[in-house]
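Step one of this worksheet: look at the structure below.
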Amino acid sequence: MRRLLIVLIVLAAVLVVADRVGVIVAENALAGQIQQQVDLDRTPDVSIRGIPFLTQAVGGTYKDIRVQLPDVDAGDVQDVAVAARLQGAHVPLSDAVRGNVDQIPVNRISGTLSIPYDQLARASRIPALRISRDGDSLRLSGSVRVLGRTVDAEAVGRVEVDGGRIAINAEQAEVAGVPVPRAVLDEAARLLSFRVQPRDLPLDLRITAVRLADSELLVDAVSDDVVLRPDSVQ
């Protein structure tokens, strides 16, 4: 009985080691694939969650894969960090062993795009625009041309999603800190408002909501029932 117990303990230890080694191999392989398909300069961080890994590999379904994509260019905004979660990724073990994986069906992908405020300001194409967080809103400061004159203006910006675009709507504008007619303030607010259209998001993500952080805008995105291929991942 004692000898059997020792054998079982050794076997369990071997399985644990094999499980962890399998995770590392799979993560490295997936990271390399994503780096090539998304054309990244750096290897993304990939983490396959769930224990045991070997059970998921044999079943061909991975419950939770986390992917960190650095420096993604998405239309109007550049150098965007994307943190994605793949739930229910299906890769048959026989295909994985043969290296014959040309598509990966995924039940659901959720992600967060982190857009630094300076990148958001650059995407606005408003000259010298500066953006910072102001509580639950943004503080917009920039130069605008009103009634034939270029003036420094500030406004409070509300952020929302509008038809897949990030919409910043300015209000409560001030011009150079002095009283001016309402028509001038309204025009300044209009000129400080803008729309940003992230395009070609990786993993077929579509924007659903926005949140404010201290130094960046957090954009939530999802995709359902996705079949990832090299062209769709890119």
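Annotations for the structure displayed:
- Measuring r between the beta carbons of Ser143 and Arg206 and using R0 = 30 Å, the FRET efficiency lands at 0.30.
- Label point of Asp162 set 7 angstrom out along Cα-Cβ; within segment 185-215, amide nitrogens under 12 Å from it belong to 190-197.
- Descending principal axes extents, segment 106-234, alpha-carbon based, whole Å: 56, 28, 21
- Residues in segment 108-124 that a label on Gln78 would reach, taking backbone N under 16 Å of a point 7 Å out along Cα→Cβ: 115-124
- Cα shape, segment 53-173, gyration tensor, a/c 1.5 rule: prolate
- Accessible area ranking (1.4 Å probe, heavy atoms, ligands and nucleic acids excluded), largest first, for Leu191, Leu69: Leu191, Leu69.
- Area accessible to solvent at Arg49, 1.4 Å probe radius, in Å²: 100
- Placing Ser47, Ser215 in order of accessible area, with the largest value first and a 1.4 Å probe, yields Ser215, Ser47.
The values are calculated or read from the model by the stated rules, or taken from the named source; none is laboratory data. Given the structure is predicted, the values throughout are model-derived calculations rather than measurements. When we count neighbours, we look across all protein chains shown, and the Cβ atoms used for this are built from the backbone with ideal geometry, even at glycine. Heavy atoms of the whole protein, side chains included, go into the accessibility calculation; ligands, DNA and RNA do not. Shrake-Rupley method; radii C 1.70, N 1.55, O 1.52, S 1.80 Å.
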